[in-house]
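Asker: Structure provided below as structure tokens; questions to follow.
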């Protein structure tokens, strides 16, 4: 396989691979770093890949192993899915094109949210703060934060469905 073919194979799978690594690390930013490392390692291993499907499978397994190694190096233990479940997940992972459309629709919907709701989402999901810390940093009651998140989830779900149906997708 040539470097151009590898790039054409792995880039469309970027979001799906990063999400897969994030399941292991519970850290999206670390998962992005792992994707970059896997790509660099893949370029150095071009002669190993027989087909694009083989390269994607290799990237899943190498990235998963790298994610577990990173957790161990930080003194953390992987407490997520069993190896068998990760293998099953890897084989059944969603089609990246559908995943990309969902991600684009969700991003568009988040941009439509109020600045307060965007901040709430940022703290909870991007900063990964527990609900109590989000409430504390916003000066709100915990119950208020949970109710707001429930409303935001419902609104985002409706918005994403609308976005996808406007593209003729569901």
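Quick note: the coordinates plus some simple rules give every number you see, no bench work behind them. What you see is a predicted model; the values in this text were computed from it and never measured. Ideal geometry is used to build each Cβ from the backbone, glycine not excepted, and the neighbour counts take in all protein chains shown.
Asker: Summing -39500 (n - 2.57) over the DSSP H runs of n ≥ 4 in the chain and dividing by its residue number, what mean residue ellipticity at 222 nm do you reach, to the nearest 500 deg cm²/dmol?
Answerer: Values: 9 runs with 125 residues, N = 170.
Roughly -23500 deg cm²/dmol at 222 nm, from the helical runs in the chain.
Asker: Return one quarter of the surface area of the convex hull spanned by the alpha-carbon atoms of the stretch 96-166, equal to its mean projected area, in nm².
Answerer: Values: hull surface 19.5 nm².
Computing the convex hull of the Cα atoms and averaging its projections yields 4.9 nm².
Asker: Taking only C-alpha pairs under 8 Å that are 6+ residues apart, what is the relative contact order of the chain in percent? Can you show the working numbers first?
Answerer: On the way: 126 pairs, mean separation 35.2, N = 170.
About 21 percent, as a whole number.
Asker: To continue, here is another question. Pull out the extension gain between residue 54 and residue 101, defined as 0.36 nm times the separation in residues minus the alpha carbon to alpha carbon distance; nm, one decimal. List each step's numbers first, then the result.
Answerer: Numbers: separation 47, 0.36 × 47 = 16.92 nm, distance 2.43 nm.
Between residue 54 and residue 101, full extension yields an extra 14.5 nm.
Asker: Please report Rg (one decimal) and Dmax (integer) in Å for the Cα set of the chain.
Answerer: For the chain, the Cα-based Rg and Dmax read 18.5, 57 Å.
Asker: For labels at residue 136 and residue 5 in the simple 7 Å Cα→Cβ model, what's the distance in nm?
Answerer: For residue 136 paired with residue 5, the spin-label model returns 5.4 nm.
Asker: Additional query: Hey, fewest Cβ within 10 Å first, where do 145, 38 land in order?
Answerer: Numbers: 145 21, 38 24.
Taking fewest neighbouring Cβ atoms as first place, the list is 145, 38.
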